[in-house]
1. Quote to one decimal, in nm, the extra length available between T76 and E131 on full extension: 0.36 nm per residue of separation minus the C-alpha distance between them.
2. Provide the FRET efficiency to the nearest 0.05 for the Y305-E392 pair, computing r from the beta carbons and using R0 = 22 Å.
3. Rule-of-thumb check for region 195-287: C-alpha Rg over 2.2 N^0.38 Å?
4. Taking θ as phi - 60°, what are the ³J(HN,Hα) couplings along region 126-135 by the Karplus curve (6.51, -1.76, 1.60), each to the nearest whole Hz, with x for Gly and Pro?
5. Of R385, R25, which has the most accessible area with a 1.4 Å probe, and how do the rest follow in descending order?
6. What longest range of the chain stays clear of loop-exposed GluC sites (Glu not before Pro) (DSSP non-H/G/I/E/B, at most 15 other C-beta within 10 angstrom)?
7. Can you tell me the 0 to 90 degree angle between the C-alpha axis of helix 96-109 and the longest principal axis of the chain, rounded to 10?
8. Residue by residue through region 207-218, what is 3J(HN,Hα) from phi via Karplus (6.51 cos²θ - 1.76 cosθ + 1.60, θ = phi - 60°)? Round to whole Hz and write x for glycine and proline.
Amino acid sequence: MPTLLIRNVRPLGASPVDVLVRGGRIAGIGTALSAPADATIEEGGGALLLPGLVEGHTHLDKTMWGMDWYRNEVGTNLIDKIENERAFRHASGHDAAAQSLALAKAFLALGTTRLRTHVDVDTQAGLRHLEGTLRTREALRDLQQIQIVAFPQSGLLGRPGTAELLDQSLALGADVLGGLDPCAIDGDPVKSLDVLFGIADKHQRPIDIHLHEPGAMGAFSLDLILQRTEALGMQGKVAVSHGFCLGDVAEREREMLLARMAKLGVVLITSAPPSRSVPPLLACRQAGVTVVGGNDGIRDAWTPYGNPDMLERAMLIGLRYNLRRDDEVEVALDTVTHSGARGCGFEAYGLVPGNRADLVLVDAQTLAHAVVARPVRKLVVAGGRVAARDGELQPDVAAL
């Protein structure tokens, strides 16, 4: 691993310092650090220094990033989108390995060094999408930490054999077990969650459940999730993605659910979409719930939108929640930095000696300025290695 000395940078907007990187880790932070004989010196020019950005919820395997435009004519119901995508991917031979790698590298060029992706597992595709994304994880393992969620996009109970495939996925190397709408999709929330938590308990893996269900239905499912989290001792090992119901229910009911989530360490992951009710970000944080930001799908059969730029996602989160004060905009950034890493369980994160050297330099005056302006990433250091300059991957990384 190279030794780097990055001079004259401002960690999170603080006073200028130098950062020494050795063996893939931050070896020192201070003023006027001496350059070791083997060090490559990078001039920071007073740039703002951020830790590597964190994507908490995306779908690398689905993307058509870099492909010809996909004309979206799918129906409006959730099941329409699920069935359309499954049919399209089957008919087109969509290559999850190539596409997940393309999007993961696009994330890396823009400073995302830690990433959680949901990967479809179903009885039509089997483990094909998972196997392709596992290859991407291996190809980028020295640069980008990728968590893979084995995700039953077509539901768990409606297609017999799905539970067995999820079990195999965890044995094959998936990091997290995914779930989906136990009421609205599976129709039997008790059985659905019993099966899901049983698989997770068997493999001792965390769970991340897509919960799109609105209002009372979603609150009922969330209550069942919290019950099982406590009964199985899975505190700190469960995440709820979307959680739209928390934006629908009455304030008192929401407060009670958030208090239970905080007590059990259940994380909330949000893309803050403008088209749905969303959990109130500041209220969730005030209750002690860790809130993580993510894009969800990017340029796939579900949506033409999305961009692998987590500063842009932080800006969109700030817009969705009407965050205007600088300290509030910094909260939006936190969902894709420190809270993002904590909520996904990424270790050795942050601008502290001893931690993994994942560093992003941008020309911005403050953290809020960085979110709003989304400046070009001057330098991206991933695992102690220069991965990108001026928004472009280094040739050796681009060739992976």
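The values are calculated or read from the model by the stated rules, or taken from the named source; none is laboratory data. Quick caveat: nothing in here was measured; it's all calculated off a predicted structure. Glycine gets a Cβ as well: all are built from the backbone with ideal geometry, and neighbour counts include every protein chain shown. Side chains are part of the model used for accessible areas, which takes the heavy atoms of the whole protein and leaves out ligands, DNA and RNA. Shrake-Rupley method; radii C 1.70, N 1.55, O 1.52, S 1.80 Å.
1. 16.8 nm is the gain from fully extending T76 to E131.
2. That pair, Y305 with E392, gives E of 0.40.
3. 1.02
4. Karplus-based 3J(HN,Hα) across region 126-135 equals x, 9, 4, 5, 4, 4, x, 6, 4, 5 Hz.
5. These residues rank, largest area first, as R25, R385.
6. That gives 74-346 as the longest site-free run.
7. Result, in degrees: 40.
8. Couplings: 10, 9, 10, 5, 10, 8, 4, x, x, 4, 4, x Hz.
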